[in-house]
Structures are given as C-alpha cells and as structure tokens.
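Derivation of every value follows stated rules applied to the coordinates shown; laboratory data play no part. In this text, all values refer to a predicted model and were calculated from it rather than measured experimentally. Note that each Cβ is placed from the backbone with ideal geometry, even for glycine, and that neighbours are counted across all protein chains shown.
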Amino acid sequence: MVRDYAARSREIIRDEPGVREAVTGATIAFDEKRRKGYAEVDADAWRRWAEGVKNHTLTHLDHYLTEAEARLQANGAQVHWAADAAEAREIVIGLATRRAVASVVKGKSMVTEEIDLNPALEEAGIEVIETDLGEYVLQLLEEPPSHILGPALHKSLRQVQDLFAERLNTAPDGDPDTLARAAREVLRNAFIDADMGITGANFLVAETGTVALIENEGNIRLTTSLPRVHVAVVGIEKLLPRMTDLAGFLQLTARAATGQPIGCFVSLIQGPAAEPGDDGPEEVHVVLVDNGRTDVLAHEHAWEALRCVRCGACLNACPVYRQTGGHAYGHVYSGPIGSVLDPGLLGLHDAMPLPFASSLCGACEDACPVRIPIPELLLEWRKEAQDEGLTPWKERAALAGLASVATRPGLYRLAGRIGSRLGARGAGRALPMLGEWARDRALPKPSPRTFRQLWRKGIE
C-alpha cells in the first residue's frame, strides 16, 4: 500500500541493509553510464526536441490514437480499448481462453504490472512465465519489480545464487554467466511451448501502426515471434506521430537508461505473419490502456508526467530512492516519476505521502530525457494535498504556527532565542515535522547566539 511508505521505508532501512547497498551501487552505475551517454551527443538539444514531440503528441492525442488504430488494423492487427485495469485484464484473459491458451510468456512490461495481469491469468488457469531475467528472478521469489529498468537490482548476487541453487540446481557459487545459462535452459522450453506472448511497448508509431520494443536480452524478440498469438498491452501515452520520431527516441531512451547508443535488440512489430508458414505470430492484438491517463492529461500540471518513456533515469539519480529501492513506494511506478504520476493515476488521497518522498534536489529533472519538471510537479501535488487537508494535522498546525511567527519580528526573535537555549535535538523533537528526522540523528550543538545577534556584532 502506498500509504505505508514511511513505515515500509523504515523497515527496509532497519531490517534489510543489503537493499540500500545493492540499490545504491546499481543506480550509481546506471547514472554514470547515462552521463557518459549524454556527453557523447548534444543531449540538451535532443531532450528539448523530445519534449516538444511528446508535448505535441499529448495535446493531439485523440487524433494520433485514431490514426494508430486505423494503421494497426490495416496491418492486420486487432485493436482493443481498455478504460481501466479490470477491462484490460478481461480483454487479455478473453483472448487467451477463446484460443485455448495454456501457457503465456511475457516480456518485461510495467503496464501489465500496473493492471495486475499475471495474477488474473493464473487465476484463470493459465501458466505465466516471465522471460526477462530480472523479472524471472522476482517471479521465483514472488516479488514485484523494484525498478523500471532493473527489476531485481535490489537483490545481491548471493541471493540469486541461493535462489537458483534451490530452484534450478545450480552450483551454490555459480557466477552470473552460469546463472544466466541455467535460466536460458528453462526459458527456451517456455518459448517453444507457449501459446501466447505478451509484451508492453516502448513506443507506438501512429503513422505506420508500428509497435516498437527495446531490449538487451533477446527475450522480447522470441516472445513476439514464436507463440501463435502476440498481445501488446500499451498505455495510450506511448504514441509517437511519425517513424522519423522513433529513430531519435530509440537512441535517447537507450542513452538515458543504460548509456548505450541504442538497445541491443529493437523489434518493430507491424502485424501478424502475412502468409501461413511465414515468420511471426498468426495474430497480433494491441490493447490500448487508459487506466487513469486521461485524468492525468486533464490535470493542469500533472499532464507533463505522461511524457515519461520509462527509462528509469530519474530513479537512478534520486538520493531518496537509493535508500530503499522501489518496494517502499507501494506501487509499480516508484521513485521520482512515481511520486508525480501515481497521484494522477491512483488519486492524490491514495498516493499520499509520495509527493513528499523527495528532497527536491532536482537531480531527476536533470536526468530526464524528456525534461519532465518533476520538482515543480511535486510542489504542485504538495500544494493540492495541503489545500485538501491530506497532510497530517500536526504538520498543518506547525506550518501555520511558523507562518505566524515568521511574520511577527518580535515573536521571531523570541523563538530564535528559545531555540538556541533548547538545543537542536530538543527543538527538533518538539516540532512535528522534524521529530522523526531528529530522532535518529546526532545533531550539531547550536550557536549560543542567534544569527541576528551575530549580524549586529559583525560576522567574520
């Protein structure tokens, strides 16, 4: 649950110290690669261009959705519209049951996590196998992903070695290559046996009806081509107007995510196999999912979060995310982008206190390939939370008291003298907003004189 963020964060930091170490190491490595990838091109110009393309698309979304539907159908794909998560699940399960699908292989997809597709398929008696290596690890552990790009980056090598030794009979000290080979053996048979492949989409080109997928493992290529049915579950914000736009976004997304000039594998899905016996699935279905996106689009400020290309760069740059990983956030979209997108998708009440899970340092905005102003959006959501009375009453009272003191010079001077005598730890514990922060920190001893006193005597 999102509303358990504070408690879950404390629990992870206290009881799972390895998470902070693993997440920090992985995200710093990703972020350094992004910086190098950006440095190889005129990143600011690319990012401004990408921002403009996405803004144009979002402000003309109805037009491009209509165009994309027509082009997909002309290519032989079948298009389905899902207003919410329940409808999306119903569509996919209906497609599977009517075609007697017994097993499904899946590529890594955040939108299928968002709509809770896997449990619904399993409840319908359909076997589901995640084929991204990180997602496969988490499926064995029955855990959700912790990161958009590296779903299992919160796990150590030792934990994966123990898991594979138990489940796949690998050596307890198997190196990463050995572990990957063992997973490949299992997944190869799953690809061959599967009746349906399910993926998301990095982009959907309206001009040509092309589903574009970026990966580094090759599993998505197999997921979309070997099973007789391919289902792409796509958020309606994933559109691009033209094929020429796609070329730039493929490169920019890869640089933001991993620092690569482009992903190792790029699949462009145009439709099903043209003739019996040709490569590719017999059927291609595209499920276009709203699930709160039109509400976000209608928001005066939050609509800019829909530019997100799910690269994970903001998570990698975020000092707050590094402390806990994604599980503390309680929703599939975590870190900075989750803190501004979740209030729109879930409703601000259900997403609290995520807009406050940030230091507002701005590293996320600097990293974002489409220039989403995440700190500004966080402040907008905080203001709405304050206006709607969603913040704790003690905090509201403290802010009102601070405003009262700060606007009365005599009272402000008195408060400063009292604070100096009380001490930082005592003052911190006494203030509602600082009590939690001060509880576990050794604070410096305050100056015996206030800033005003020092100023009058001259500061050297």
If we keep only residues of the range 61-84 that are surrounded by 14 or more Cβ atoms within 10 Å (Cβ to Cβ) and of a type in the set (A, V, I, L, M, F, W, C), then the residue farthest from L95 (Cα to Cα) is L61
Count, please, the residues in the range 345-371 that happen to be farther than 29 Å from G37 by Cβ, among the small types (G, A, S) and not in a loop (DSSP other than H, G, I, E, B).
1
Considering only residues that are touching a residue at least 40 places away in the same chain (Cβ under 8 Å) and charged (D, E, K, R), look in the range 142-183 and name the one that is nearest to V105 (Cα to Cα).
E143
If we scan the range 25-48, do we find a residue that is of a type in the set (K, R), surrounded by 15 or more Cβ atoms within 10 Å (Cβ to Cβ), under 20 Å from the mean Cα position of the chain (by Cα) and under 24 Å from P145 (Cα atoms)?
yes
Taking the criterion of being closer than 30 Å to V287 by Cα and hydroxyl-bearing (S, T, Y), would at least one residue in the range 176-199 satisfy it?
yes
Of the residues in the range 103-119, those that are touching a helix residue (DSSP H, G or I) at 6+ places or on another chain (Cβ under 8 Å) and surrounded by fewer than 19 Cβ atoms within 10 Å (Cβ to Cβ) come to S103, D116
Which of the residues that make up the range 178-215 are more than 26 Å from G259 (Cβ to Cβ) and assigned to a loop (DSSP other than H, G, I, E, B)?
A194, D195, A206, E207, T208, G209
Exactly one of (1) surrounded by fewer than 19 Cβ atoms within 10 Å (Cβ to Cβ); (2) farther than 25 Å from L95 by Cβ is unmet by P144. Its number?
(2)
